Amino acid sequence: MSERPPISPRSPRAALEPEQVPPPPKRSERARNPFVIVGNAIITIVLVLMLGGGGAYIYGKQKIEAPGPLPEDKVVNIPARAGMTDIADILQREGVIDNNRWAFIGSVFALKARSELKPGEYSFQKNASLRDVIGTIVEGKVVQHAVTIPEGLTSEQIVARLSDNDIFAGSVREIPREGTLLPETYKFPRGTTRDQVIARMQQAQKRVLAEIWERRNPEIPIKSPEQLVTLASIVEKETGKADERSRVAAVFVNRLRQKIKLQSDPTIIYGLVGGKGTLGRPIKRSEIQQPSPYNTYVVDGLPPGPIANPGRASLEAAANPARTRDLFFVADGTGGHAFSDTYDVHAKNVAKLRTMEKQIQNDTVEPADDPAPAAAANTPADTSSTATTAKPPAAAKKRSASPPRQGAAQSTPTPPVVQQ
């Protein structure tokens, strides 16, 4: 049993006084070192920054990845020389991003994309996130507009179409040479200059023509790619049916071999109006033998150049025509043509067409074929009806598909009566 220390008596006054607390231990010399103090402060700041940065990263990531406010797909045009804040204002105004444009600006900095933003017309998807929006602009995924140039238009007509299309910029400095443009469907971004469109169409035509020329039938009486384009342009204007092109081409190739005038109505029209392409009325009798370098009722062989811009299919047909003996073709009244290799059969086909026309439209009956050249010579000179000539040794004239169009005829070397 341990002994307790003796209790020393205290005075009442001393007993009322509080006992003195022992002083705290002195800090070590190391703790009071200024380097330690600074280090502790730095560690504290770093921890705070890490926590704050981590929170900001998580918030920013969620903000960048979160679905946007766009209710449906939308096309927005960002003009050239628009800065980052200008782009943010445009996107906010169009509803692509929410009202906090600073979130977009912060996201641009976070993704290090400030110098990569490109102008153009962009299609933003429904609820596109900030990452999607910025990625679309950075990658330059501009909207591509499909532009279709139909086959058989002249260069002047194509330029007029391009001039009327407001997605293009600038003007065409000069009308391209006939037959140097490839009709096709192209895709261009808004703001493409019209000269750039022309240049692309010319490059496409050169490439396609070179490929087709290499695959041509070597027996055709065509001496150059340019002549191939000229023949193809006539085929293009004569028929719009895909399954007839090679046979129409065969008619003209057979005529070239036999030194027979091609006598194609579209060449008359081109000789009269040039690049305008359409006459706007039937061909007059007086115009059939009107001198023109392009009028194949007057000139031998091919005209000096194309009368339109043929498509790929017509170029293929001209390079590899069907193997037939056909020298004539005439509209059959059903949208196609009746082909024949003799004048007698052709005359019967023409008679069938006349009968069909009379049954369909009595008020526009055209005169039947004249049995002899004398009858043709006695016909009034400026009528607009359609007929064929009489002598069988050469070709007879062809009408186009029903409903009739101008510029689809074949006839004999004897002066024809009229053609449409």
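Ordered by the count of other Cβ atoms within 10 Å of each Cβ, fewest first, 324, 230 give 324, 230. Fewest neighbouring Cβ atoms within 10 Å first, the residues 188, 328, 109, 104 line up as 109, 188, 104, 328.
In terms of its alpha-carbon gyration tensor, segment 244-367 comes out oblate; a/c meets the 1.5 threshold, while b/c is at least as large as a/b.
Of the peptides 141-152, 335-346, the order by per-residue mean of other Cβ atoms within 10 Å, starting with the highest, comes out as 335-346, 141-152. First check a/c for segment 177-334, with a ≥ b ≥ c the square roots of the eigenvalues of its C-alpha gyration tensor; if it is under 1.5, answer rounded, and if not, answer prolate when a/b is larger than b/c or oblate otherwise. Note, shape of segment 177-334 comes out oblate. By definition, a body whose alpha carbon gyration tensor gives a ≥ b ≥ c is rounded when a/c is under 1.5, and segment 74-139 falls into this rounded group.
Exposure proxy ranking for 129, 123, 171, 155, based on other Cβ atoms within 10 angstrom of each Cβ and starting from the fewest, stands as 171, 123, 129, 155. Applying the Karplus relation 6.51 cos²θ - 1.76 cosθ + 1.60 with θ = phi - 60° to segment 75-84 yields 3J(HN,Hα) values of 9, 10, 9, 9, x, 5, 6, 7, x, 4 Hz, where x marks Gly and Pro.
Coordinate-derived values only; no laboratory data. Keep in mind that this is a model prediction, so the values were computed, not measured. Note that we place each Cβ from the backbone using ideal geometry, even for glycine, and neighbour counts take in every protein chain shown.
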